[in-house]
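Here's the structure we're looking at; comments come further down.
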């Protein structure tokens, strides 16, 4: 019959609320601290994890934050441990399924992106009243050479004419543009490393254009790719046996099913990568 609530203007009032009488909820205690928790997760009868953002005394967000609250005394909740990532952010506040609490190992897995530096998931151990970073996992492909692809790359030499006045389709402009990579991919072939290659109905239209121009071989379809520095964002994690499985995608914003997804498997104890698959 106890609730935990956070509000935020310039500081983070963390409230403990008596819900024993649903018609008359009562505030039992509150704690004012910089920053705010956008997601609260009780991990025991006396401890609550808060995942959100750190901020200065004037309310300016300065990075990602994970707080451990001691609620053993409901009239005086305390923040007993903090983990922060300056200039970082996480998406747990609007997608709580991105957060994982694995009680058998006292581990929290929190997706975090640090601007122009790193993106992945931080593994935190919450034990003995403290938050300790165990390690990090990401979906970067070590040694992946930018521009590598299994698909066939179309070039201006494949066109009947390189004179734009002769172009009849949008695809011809893309092929003649050195910035974009126009790929003819067979089923099961991936896009291009270091490039964004969206999959949507627009590609179906360009595939029809390629067929009309006689540019495709049997079962090939068109994929347009362009250089990208967007992060490899982790959006789901789960523990299976002694392994940590994470699902993510490359891009900004929410996972809409269009960007190529990646599934990685790491050893739960060492966090060493065991397998990786692009879906």
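Throughout, read-outs are computed from the coordinates displayed, never taken from laboratory work. Here the structure is a predicted model, which is why all the values come from computation and not from measurement. Every residue, glycine as well, gets a Cβ built from its backbone with ideal geometry; the counts of neighbours run over all protein chains shown.
Averaging 1/r over every pair of different alpha carbons in the stretch 152-227 and inverting the result gives a Kirkwood radius of 12.5 Å. Per residue, the chain reaches -2000 deg cm²/dmol at 222 nm when only DSSP H runs of four or more residues are counted, each adding -39500 (n - 2.57). Computed on the Cα atoms alone, the convex hull of the stretch 1-99 gives a volume of 101 cubic angstrom per residue. If you look at the Cα atoms of the stretch 109-186, you get an Rg and a Dmax of 22.4, 72 Å. Taking each residue as 0.36 nm, the span from residue 204 to residue 106 lengthens on full extension beyond its C-alpha to C-alpha distance by 30.6 nm. When the convex hull of its Cα atoms is viewed from all sides, the chain shows a mean projected area of 19.3 nm².
Inter-label distance, residue 157 to residue 57: 6.7 nm, where each label sits 7 Å from its Cα along the C-beta direction.
Here the peptides 16-26, 52-62 are ranked by packing, the mean other Cβ count within 10 Å, and the order with the highest first is 52-62, 16-26. When peptides 91-101, 162-172 are ranked by their average number of other Cβ atoms within 10 Å per residue, the highest-first order is 91-101, 162-172. Rg and Dmax of the stretch 74-222, both derived from C-alpha coordinates alone, stand at 23.8, 78 Å. For the chain, the longest principal axis of the Cα atoms and the long axis of helix 201-212 meet at an angle of about 10 degrees.
In whole Å, how far is the Cα centre of the stretch 36-66 from that of the stretch 136-213? When both Cα centres are located, 43 Å separates them.
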